[in-house]
Every structure is written in structure tokens, then in C-alpha cells.
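This report refers to the structure that appears directly beneath it.
The values are calculated or read from the model by the stated rules, or taken from the named source; none is laboratory data. Model, not experiment: these values are computed from the prediction. Note that each Cβ is placed from the backbone with ideal geometry, even for glycine, and that neighbours are counted across all protein chains shown. Note: accessible area is taken over every heavy atom of the protein model, side chains too, but ligands, DNA and RNA are not part of it. Shrake-Rupley method; radii C 1.70, N 1.55, O 1.52, S 1.80 Å.
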Amino acid sequence: MLQRVRTESKAPRPARNPSACETICNYLLLSDVHLGSDIVPHLRPWATSSWLTREAEVDQQLVSMLEHYRQDADEGRPWRLVIAGDFLDLVGVSITPQPSILRTVPTREERLHGLGSASDHVVRKVEAIAARHPRVFRALMEFVADGHSLVIVRGNHDVELHWRAAQQAFIAAVVVHAPSAQRNALASRIEICPWFFAVEGLLYVEHGHEFDGMCSYGDPLLPTCLRDPRRIRSTPFSVLLRHVARPTRGLSTTAYGYVGMGAYAALAMKLGLRNSASIGLRFARASYRLISECFARTSRTGSMRTLAARARHRRFIARMGVHPERLAALAALYVRPAARSLSFVLRSLYLDRVLCLLLASMCVTSGAVLAHYQGWFAGLEYLLASVFLGAYAALGSGSNESPSRRMREGAERIAQLFDARWVVMGHTHEPRVDALPAGRSYVNLGSWGEDELPDERVVANMSPCSYLVLRHNGEDYSAKLLCWDAERGPRPFYLEAEDRSTGETLPVGSMQPT
């Protein structure tokens with residue numbers, strides 16, 4: 001029998017998740033593979049050849065892992081492979097638009113930065129990823145053909161799987177490797193979840209980007225743009241990735257949102273005056289796009305969007321069997337998207353700090369000029385400069401806050417809402433296991449791939465290829481956090497914890513909370 005944990009929540013208990021297997025399943029969970037991050041010929045032509053070796057390694061790791069667990073399957077307990085977001089790096093793909101073969105006419109931004117987020121654009125990107133990584137898609141087909149199943153939870157890098165045509169293109173890319181007579185049966189065992197995957201009393205899985213203001217879309221079920229519902233909404237993450245990080249050689253594409261202004265100043269010195277001016281212009285365009293997004297609201301658009309959101313929520317509730325009160329409580333845990341608040345956009349882009357420095361510099365300069373004419377006026381200018389510098393100091397020059405703490409705190413409440421013994425997320429690329437009350441656990445799956453070149457990474461280490469195994473032993477489930485090695489197979493993943501009494505870093509067991 002599946003052990004259930006009592007919760008203190010008084011909300012009605014959710015119905016059984018209809019997407020869960022009728023038979024008892026074993027679970028493989030991983031996240032952040034970022035297939036397609038190497039398809040960047042439009043904006044990063046210098047990077048294409050450098051990525052080939054890295055992508056071959058990621059493919060080999062993933063293919064060998066799938067082959068291993070096809071052999072290591074329990075009779076009567078098929079595997080359910082759950083990928084907790086960012087399996088495809090759709091938002092990072094940079095392919096030159098060809099208007100003659102596209103139904104949606106490319107915008108000026110898409111002509112500059114590559115195919116966009118319209119449905120037919122995304123289908124082209126999915127097809128390009130499948131063509132670049134045929135071994136992975138064939139391995140997924142073989143895995144599903146053996147009677148196992150596949151669940152893809154949308155993340156912020158593959159939020160464009162929102163479109164049904166893109167979902168169909170992904171499923172078609174998997175089953176195309178099978179005989180035509182088997183394709184419909186295989187497609188029925190592939191599921192794309194728009195928000196989360198949950199098994200009552202056992203497991204809750206989401207990507208975690210809604211806890212990150214830089215990447216949050218606000219409504220996981222309706223991430224479309226307010227001004228153009230044919231496209232996905234802009235976030236600081238997606239705009240900075242396309243406008244600034246991708247076109248800039250030497251700029252990390254993962255940590256640009258969480259480094260301080262000092263890192264950007266060092267990059268400007270490294271790039272030189274001409275390249276710094278170029279990146280400054282791109283940053284200005286990105287800022288304008290995000291600021292204009294804050295004001296792109298009309299009553300008509302808002303009312304139509306509300307109706308569409310309600311319809312999607314009703315369908316999601318019927319499909320998942322989750323009480324509306326629980327969805328509302330879950331959504332209340334998320335942060336407000338940066339793109340919905342002008343002050344948040346300014347803070348996320350460091351524009352508030354830049355403005356303080358600019359005003360302080362102007363006051364100092366004008367004070368120096370006026371010192372020869374009106375000493376008291378120069379003193380006032382210096383006083384204003386001190387005020388602006390004080391405001392800068394209060395704001396700080398450090399990085400935006402990492403979402404790790406909010407994800408951990410949210411996991412505790414989610415475990416109660418969904419009666420989940422394991423709350424699983426990805427997004428941060430930092431594997432971790434934290435103990436929650438009542439014997440529950442929060443697990444961050446880490447990553448399998450990165451979306452940047454090795455010489456542009458803030459952290460030099462390769463992705464740990466970490467994953468979680470939930471296996472039914474006849475009476476209950478056991479969990480192991482492992483890392484995959486293509487040559488040696490599954491290995492225990494050891495986290496490190498700091499001994500608070502001595503300050504030493506000590507290894508802990510593979511599923512011991514840190």
C-alpha cells in the first residue's frame with residue numbers, strides 16, 4: 001500500500017490524477033537538458049563548431065542512461081520518465097527566419113534575433129532540435145516502445161511548447177523512428193504538462209521558474225503576449241537572452257541575471273569601447289521592450305484574456321482532478337513577474353542603480369562648473385549627489401536574488417497542498433535535497449546540459465547529470481539521488497553540507513538532507 005501522510009490543509013482533497021499510471025510505476029526524474037542550445041547560427045556563428053563536442057557528450061550520457069533503465073526495469077512496474085522542464089532550449093535557438101515558409105510574418109525583432117515564439121516558428125525550432133539530436137529522440141522512442149512512458153513538464157526555456165502544434169511536432173519527432181503501425185500507441189504514452197505533474201500521496205513535479213521573477217510568466221497556463229496573443233510573453237530572462245547574452249561573445253548566458261554590476265563593468269573593460277557601446281545599445285533596446293511590456297494593457301485585452309484564462313483553468317482542473325482552491329493556493333506562492341511591474345523591471349535590469357549613478361555624476365559635474373559662480377548652488381549640487389549616491393548604496397550593486405530560497409520555502413507548502421512526499425523541481429541547475437516537515441523532502445534535480453560555451457561559463461564544471469529514482473519495492477517507494485556516468489553507469493550523488501561547529505565541508509549520503 002502507498003503510505004499517505006496527513007496534512008494540516010483543510011481544503012478538499014484532490015481527486016486522483018488521471019494522468020498517473022493505473023498500474024504502479026517506477027519513476028525516473030531529471031531536468032534541464034537544454035537540447036538545442038547549440039543551434040545558434042543566426043546570432044552566434046562563432047560558437048557552432050565549438051559546441052559539437054559538448055552536445056555529443058550530452059547525447060551520449062542521456063542515450064546510455066535510457067538504455068540502462070530499459071534493461072533495469074521491474075516486471076509489472078514500468079518506468080515513467082518525468083523531465084521537469086527545459087528539456088528543449090527553444091527560447092535560445094537562433095535560426096534565421098525564412099518568411100516564404102512561415103505563416104506568421106517575422107517581426108523586426110525576429111529578423112534580428114532569429115525565429116520567435118509564434119506557433120509555426122516554434123514548430124521549425126522543434127524540428128531543428130530533433131534533426132540535430134536524432135540519437136536522443138530515437139532513444140526516447142525505444143524507451144516508450146518498451147512499455148514505459150514519458151512526461152515533459154514545461155520550463156521557462158521550453159515554455160513555447162504551450163502551442164499544440166509544437167507539442168504535436170515534438171511527439172511526432174519521437175514516434176517517427178517507430179514503425180507507422182505503432183506510432184499512435186506510442187504517442188498516447190507521451191504527455192506534455194503545461195504546469196505540473198502530480199501523483200497523489202507521492203510526488204509533485206514542476207520546473208520552478210514561477211518562483212523566479214526574472215523568468216515568471218504569471219499564469220503558467222496562459223503565457224501568451226498581451227499585445228500579440230500569437231506569441232509568448234516577454235520576460236527579463238527571455239529578452240536579455242535574445243537581445244544581449246546571445247549576441248555577445250564572452251557573456252555567460254545563464255548567470256547574467258544574477259551577477260552584480262561589477263561583473264558587467266569588468267566585461268565592458270574586456271570588450272573595449274566599440275563592443276561595449278554595441279552591447280549598451282542592445283541593452284537599451286531590451287530595456288525599452290520590457291518597459292513597454294509593462295504598459296501593454298488595455299481593458300479589452302484584459303477582459304478577453306481573463307475569459308481565455310478561465311477556460312484554460314477549467315480544462316486543466318478537469319484533466320488533473322485538482323480542486324480549484326488548491327490551484328489558487330499554489331499560484332499564491334509564486335512571485336510577481338518582473339514584466340508586470342515597472343519598478344521590478346528597473347530593479348531587475350539594474351536601471352535604478354544606473355540612474356542613481358548617472359544623476360550623481362551629473363550633480364557632481366554641474367557642481368564643479370558652478371563652483372566658480374555660485375558657491376552655495378554648487379554645495380546644493382554636491383548635496384544632491386550625496387543623496388543619489390546614498391540611494392545607490394541602499395539599492396546595492398549586487399545581483400538579483402536567486403530563486404533557490406523561495407523554491408525551498410514554496411516546496412514546504414506544496415507538500416501539504418498536494419500530500420506529496422517528494423516535491424521535485426529544477427531550474428537552478430543546483431542539485432539539492434532538503435528535509436521538509438512530516439518526513440517529506442524537497443529535491444532539486446540539477447541539470448544535464450548548459451546553454452553556454454565552456455569558456456563562457458561562470459562555473460567551469462560540467463553539468464552533474466543528476467537524477468532522482470523512485471522505485472517501488474513491493475510495499476513502499478524508496479528514493480535515490482544519483483548521477484549518470486556513461487562509462488560506469490549510475491553513481492551515488494553526494495551532496496556537501498557545512499558543519500556549523502567547525503566550518504568544514506563534509507560529504508553526506510545521496511539522499512541525506514543538507
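Working ranking of peptides 91-98, 66-73, 417-424, 222-229 by packing, defined as the average number of other Cβ atoms within 10 Å per residue, highest first, is 417-424, 91-98, 222-229, 66-73.
Taken along the Cα-to-beta-carbon direction at a fixed 7 Å, the label points for Ser402 and Glu57 span 2.2 nm.
When Ser276, Ser31, Ser100 are compared by accessible surface with a 1.4 Å probe, the order from highest to lowest is Ser100, Ser276, Ser31.
May I ask you to derive the FRET efficiency for Ala309 and Tyr288 from their Cβ-Cβ distance with R0 = 35 Å, giving the value to the nearest 0.05? Let's see the in-between values first.
On the way: r = 27 Å, r/R0 = 0.78.
Calculated transfer efficiency: 0.80.
Placing a label point 7 Å from the Cα of Glu475 along the Cα-to-Cβ direction, no residue of the range 67-97 has a backbone N closer than 18 Å.
Which value does Rg/Rh take for the range 121-167 over its C-alpha atoms, Rh per Kirkwood? Each step should come with its number before you reach the end.
On the way: Rg = 11.8 Å, Rh = 11.8 Å.
Reported Rg/Rh (Cα atoms, Kirkwood Rh): 0.99.
What does the highest-first list of 160-171, 189-200, 32-43 look like by mean Cβ count within 10 Å?
On the way: 160-171: 19.9, 189-200: 21.5, 32-43: 24.5.
Packing order, densest peptide first, comes out as 32-43, 189-200, 160-171.
Dipole magnitude for the range 184-240: about 340 debye, using +1 per Lys or Arg Cβ and -1 per Asp or Glu Cβ, origin at the Cα centre.
What do you get for Rg/Rh over the range 65-138 if you use C-alpha atoms and the Kirkwood form of Rh? If you can, show how the numbers build up before the last one.
Numbers: Rg = 17.2 Å, Rh = 14.8 Å.
Rounded to two decimals, Rg over Rh is 1.17.
Between amide H atoms placed 1.01 Å from N, distances below 5 Å from Tyr477 occur with Gln3, all of them 5 or more places distant or on a separate chain. Packing-based ranking of 331-341, 74-84 yields 74-84, 331-341, ordered from highest to lowest mean Cβ neighbour count within 10 Å.
Between Leu281 and Ala268, the contour length at 0.36 nm per residue exceeds the Cα-Cα span by 3.4 nm. Taking each residue as 0.36 nm, the span from Ala328 to Ile24 lengthens on full extension beyond its C-alpha to C-alpha distance by 106.5 nm.
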